[in-house]
Amino acid sequence: ASFATAMASLPRIERTPSTDTADEPAHSSAEQAYAALTAELQKSGFDVVAPLRAGWYNDYIRELGLSTDSTAYLQASGERHASGEEAPFALAPLPDFGRSGDALAILVGNSRAMWPAFLRWLKAQKDPDALSDPVDTFAAEAICGAVGRFAAASAAAAGRKAAVAHDSFWASDMTPARLVDMNRAARVAGVCYFSDAMFLSVHPTFGAWVAFRAVVVLDLPASHLRGPPAPLPPLLSDDEAAAAKAAFDEALRASAAEELRVDGMPRHLAHKWAAMRDCVRRGREHRYGARQSEYHYTKDRSLLAAELARLEAEEGKQRSGR
């Protein structure tokens, strides 16, 4: 299955919901459906999951006046805009299905826990080399499937026949109309501390070793979330922040001298960007393995081949030990 095919299973449908409150799921049923969603995502290694109101994110980017030149913004994060867009644009607000900002959004990300699940999935693919981006395809399949079942369960709890409408926004989708600032979504959801100076998110448990995959907005109420959580305080010391900023500046300087591509960066640059994360002491025990870290930056397929060979050897030892 391709990434595009998996994405297509999350329909982009916007409609004005019924004003009849009978179509809202019962609180207990909604909690059960959400618990099942998070449990399913965690089985695939997506262990950073948080609900938020779409309006929290929308209000925050409006408050920031977040209109930026795409090339300059992505250059600061070490990436290049996939669409080649040069003109300034504003981040589009998340849809709210006519709920005045009260639509339920769900942020999905992961720690290093995704990697073993991803490798098992990749090993089961008939032709892994045919996948344009294996991690994105795996993420799309896992998240689409889990969210689709959650949408169906939420509809059933409300007595609806059709699944709850929903729209997915992917961290890998850099087109201006679909671009969501995942780091700031995580900030307003109370998931991470975010440093604007370094475009760095720090999780209370996992530290700097987190990645965000998607924000999914559903035609469900989020009023039970009440107000947005208070922003997390800085989760790194002044010394760590200074060291990380120096590493960020060095990685940015080195990146500016290279012709970067969306399908990966040279290995020496990958090490420089990882060095910034290494400056954060919190969560170091959750650091990505060397090949996982390097692959996320470089997209070097030989690293995946080496990991699959390691997995095969480990499974062989387990079989022979029985």
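The values are calculated or read from the model by the stated rules, or taken from the named source; none is laboratory data. These numbers were taken from a predicted model, which means no experiment stands behind them. As a convention, Cβ positions derive from the backbone with ideal geometry for all residues, glycine included, and neighbour counts pool all protein chains shown. Ligands, DNA and RNA are stripped out before the accessible areas are found, and what is left, the full protein with its side chains, is counted by its heavy atoms. Shrake-Rupley method; radii C 1.70, N 1.55, O 1.52, S 1.80 Å.
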Inter-part gap, Cα centre of segment 184-233 to Cα centre of segment 103-134, in whole angstrom, is 21 Å
Where Lys and Arg each count +1 and Asp and Glu each count -1, what net charge lies around residue 229 among other residues with Cβ under 12 Å from its Cβ? +3
Violations at 26 Å Cα threshold for listed pairs 43/317; 126/272; 272/299; 43/245 -> 126/272; 43/245
Does segment 100-211 come out rounded, prolate or oblate, given a ≥ b ≥ c as the square roots of the eigenvalues of its C-alpha gyration tensor, rounded meaning a/c under 1.5 and, failing that, prolate meaning a/b above b/c? oblate
Ignoring ligands, DNA and RNA, what accessible area per residue does segment 182-322 give at 1.4 Å, in Å²? 48 Å²
Below 8 Å between Cα atoms, with a sequence gap of 6+, how large is the relative contact order for segment 173-322 in percent? 24 percent
Using the beta-carbon distance between residue 281 and residue 310 and R0 = 41 Å, what value does 1/(1 + (r/R0)^6) give for FRET efficiency, to the nearest 0.05? 0.90
Once a ≥ b ≥ c are taken as the square roots of the eigenvalues of the Cα gyration tensor of segment 238-322, is the result rounded (a/c under 1.5), prolate (a/b larger than b/c) or oblate (a/b not larger than b/c)? oblate
